[in-house]
Amino acid sequence: MSNQRAKLRVAVVGSGPAGFYTAYRILEKAPSGIVTVDMYEKLPVPYGLARFGVAPDHPEVKNCEEKFEEVAQSPYFTFIGNTMVGAQPLAVPSHSQSFQPNHVPLSILRQHYDAIVLSYGADSDKDLSSSVKGLELAGVYSARAFVGWYNGHPEFQDLDPDVMAGEEAVVVGHGNVALDVARILLTDVDALRKTDITEAAIAKLSENKVKRVRIVGRRGPTQASFTNKEVRELMTLNGVGFIPPEAEFMSPFLENGSKLGRPTKRLFQLLQRGSTASVADAIKHFSFDFLLSPTSFVPSEGSSHVARAKFDVMQLQGDILSKDTRVKSTGDFKELPCNVGFMSVGYKTHPLAGLEDVYNDGANHLNNEGGKVCAGINVKGLYVAGWIKRGPAGVIAETMYDSFETASVVLSDFEDGEIGGKSCDGWEGVKAELGDKLDWKVVSWSDWQRIDKAEKERGSKIGKEREKFTNQKDMLAVLE
Amino acid sequence: MCYADVLTVIFTTRNLVKSMSSHIVALIVCRPEGLMTCDLRIHVTFITREGDQVHIDAAEGDNLLDIAQAHDLDMEGACGGSCACSTCHVIVDPEFYDLIPEPDDDENDMLDLAFGLTETSRLGCQVKLTKELDGLRVALPQMTRNLQAKDFEKR
């Protein structure tokens, strides 16, 4: 039975939730056998932030991987791991030698696919080095790097965070990543031993001297980005007391409580109720500090290790209850003790080489309409999903709906005849074009399953769910 | 003598609290060993995003996420029903909302993040059917501002 119908070959760049949910939706909604999806991933292992971002003590959030495994079983899906799409390294210095990317330029992909969904996320931190001094001091880290380190990301294995430097930790930022960092610093390390946190992280955190964590934000409690679940987790940590903000600081916010949205109302209840552990009896403590904008990390005399953190004291300009209200410096400043500091002020995306003209630096994502890349030359067939589409914020649920939107745009463009029907040859064509240049081990889905099995076996020997391989060499060694 | 057929018995009872009659559909099942048991079927109606009414008879103890997925309704459960996301968000008919045990802190924390949250919103994975919920009606909310109804057409 000959099938005259035009076919659609789709490449997805990035195998995190955005890439997988887009692949899932495209394969689910398209007529069977008409669409194929090839998914490219720079690391030998899939899942992006589901593997490297979600905290080890949040295993249920990783249940989304079951759906991704189902998608990968489709005969119309091909995983192409250990293969990075991009002509050259993105503007990011690699933190370690544990990972050497293998590049395939986007321009080659475009010859062999009808549609390319870019879902490669955000690869670096928002850079505050022009306004904050001392970021290079020993003991000051990016929260993103710290999370990547304890979650076994090959690019961050050399981080060696100095959590033994002293008792005072400062985490700058009021998002969930900041709360994850605080929680990992304050949680009893024994509670983490059975999770998939790396053994190297457990060893380091066993020597953790941190007893006081200050979670510092530039704006007020009504502008914070973190969510209540994560606040509640901190409040219920064993033996950890919450030092509340001053009553007179909170009262202007509480006075107008009825005008607040539901999540903020509930946040204020959490802040007022405080921690399960009593402040007096607790050995460790944390606080939320508001209206402080970092200006510098300062070392102790004659040292290159951080000892203090300096902040400008800020003031809300306008409606203190609105999420959009901005802040201005009051001219006052404040100093906090800081033996170890973490910057958690947001991530930064970058355009792949060739996509600079459609990159929106201010918005921190590629220009697009509902997932279809726009406002540039020669953008036909380019789509985006996830953080590279709408900016680096939002949990898996938002990314899922966002990916469904992109999938729907891809399929409706196909239906309208705008893309498809070019008899593209996908990965076979890419391989042929690369020829000898393809000199690396491409990791297939069944290869990943062998790595997965090996990680679980290593883990079960030491009572853990899995023990991740933390460098590319070890991952590939499983396949020899 | 056993037969695999199911006898459906419909009878009316008076609901004292609401002074309204309610219909309880029960299946009297003849099991191979000759025992007769009574599995209570609870009627649930899902209202899809396109406005279609899907009528389902489910069992006591089933949760709405499992029921929706078993019947191919467009409801995702990204975290597998473990109260760690908001993708199984449903809007409960106000008439039934108070008959469901209140959400706990964990569910409320997830509902905080649900798009299009209403006064009668719940997570489908946390709503288990009971006899009192017979006739339950729930609506699937819009996913985001941008998705259209036509995106959910089955092909």
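Coordinate-derived values only; no laboratory data. For clarity, every value in this text was computed on a predicted model and none was experimentally measured. Neighbour counts are summed over all protein chains in view; Cβ atoms, including those assigned to glycine, are modelled from backbone coordinates with ideal geometry.
Taking the highest mean first, how do the peptides A:134-144, A:317-327, A:200-210 order by number of other beta carbon atoms within 10 angstrom per residue? Mind dumping the intermediate values first?
On the way: A:134-144: 20.3, A:317-327: 13.5, A:200-210: 16.8.
In descending order of packing, they fall as A:134-144, A:200-210, A:317-327.
Nearest 5 percent is fine: what portion of the DSSP beta bridges confined to chain A is antiparallel?
Values: 24 of 65 bridges.
Counting DSSP beta bridges with both partners in chain A, the antiparallel share is about 35 percent.
In straight Cα distance, which lysines are under 19 Å from residue A:380, not counting same-chain residues fewer than 8 positions off? Partners within reach: A:7, A:372, A:389, A:422.
Amide H to amide H, with H built 1.01 Å from N, residue A:360 comes under 5 Å of A:365, A:366, A:367, counting only residues 5 or more places away or on other chains.
Take each residue of peptide A:386-396, count the partner chain Cβ atoms within 10 Å of its Cβ, and average: the result is 1. Against the main long axis of the alpha-carbon atoms of chain A, helix A:262-273 sits at an angle near 40°. Taking amide H as placed 1.01 Å from N in the peptide plane, the amide H of residue A:141 sits under 5 Å from that of A:341, A:342, A:343, each at least 5 places away or on another chain.
Counting, for every residue in A:397-409, the Cβ atoms of other protein chains within 10 Å of its Cβ and taking the mean gives 5.
Can you give the local net charge around residue A:454? Use residues other than it whose beta-carbon is closer than 13 angstrom to its beta-carbon, Lys and Arg +1, Asp and Glu -1.
Values: positive: A:450, A:453, A:456, A:458, A:461, A:466, A:468; negative: A:447, A:452, A:455, A:457, A:467, A:474, A:480.
That works out to 0.
Phi angles of region A:200-213 translate, via the Karplus equation with coefficients 6.51, -1.76, 1.60 and θ = phi - 60°, into HN-Hα couplings of 4, 5, 4, 4, 5, 5, 5, 9, 4, 9, 5, 10, 9, 10 Hz per residue; Gly and Pro are given as x. Among the residues of B:109-119, the average count of other protein chain beta-carbon atoms within 10 Å of the residue beta-carbon is 4.
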